[in-house]
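Novice: Okay, here's the structure, questions in a sec.
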Amino acid sequence: EMAEELFANGQIAFQYVSPEGDATLCAPYNPNGSSFGIEGIIDPSGQILGKMGHTERYERDLMKNIHGEKVQDIFSNAVNYFRNK
């Protein structure tokens with residue numbers, strides 16, 4: 001019921017997806033098996049973000065065993081957004 005409400009309110013910020021772009025429950029694309037592939041949600045105002053992945057722990061070449069670019073520069077983007085607002 002909670003997931004249905006989050007989807008209906010547009011509060012799903014991020015989902016784990018397959019290479020085809022479909023939400024997935026399966027590893028390796030959903031590393032923790034989160035329901036509906038949900039990785040991040042926002043509050044009803046859109047100002048509070050909760051993420052499952054640890055973006056703040058990213059460092060270049062930290063996760064060498066995982067293919068692809070892992071930079072999620074959400075913190076710099078948030079600062080830039082509010083500076084330009």
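Novice: Counting just the residues of the range 1-26 that are open to solvent by 80 Å² or more (accessible area, probe 1.4 Å) and part of a helix (DSSP H, G or I), which one comes out farthest from residue 48 (Cα to Cα)?
Specialist: 4
Novice: Right, here's the next one. State all residues of the range 27-44 that are closer than 17 Å to residue 74 by Cβ and either open to solvent by 40 Å² or more (accessible area, probe 1.4 Å) or assigned to a loop (DSSP other than H, G, I, E, B) (or both); if no residue qualifies, say none.
Specialist: If the condition is that a residue be closer than 17 Å to residue 74 by Cβ and either open to solvent by 40 Å² or more (accessible area, probe 1.4 Å) or assigned to a loop (DSSP other than H, G, I, E, B) (or both), then 41, 42, 43 are the ones that fit.
Novice: Assuming residue 55 fulfils every condition listed in (1) modelled with pLDDT of 90 or more; (2) surrounded by 10 or more Cβ atoms within 10 Å (Cβ to Cβ) apart from one, which condition is it?
Specialist: (1)
The values are calculated or read from the model by the stated rules, or taken from the named source; none is laboratory data. Worth saying up front: this structure is predicted, and the values here are computed from it rather than measured. Counting neighbours? That spans all protein chains shown, and the Cβs are built from the backbone with ideal geometry, glycine included. For the accessible areas, the whole protein counts, side chains as well, though only heavy atoms, and no ligand, DNA or RNA atoms are used. Shrake-Rupley method; radii C 1.70, N 1.55, O 1.52, S 1.80 Å.
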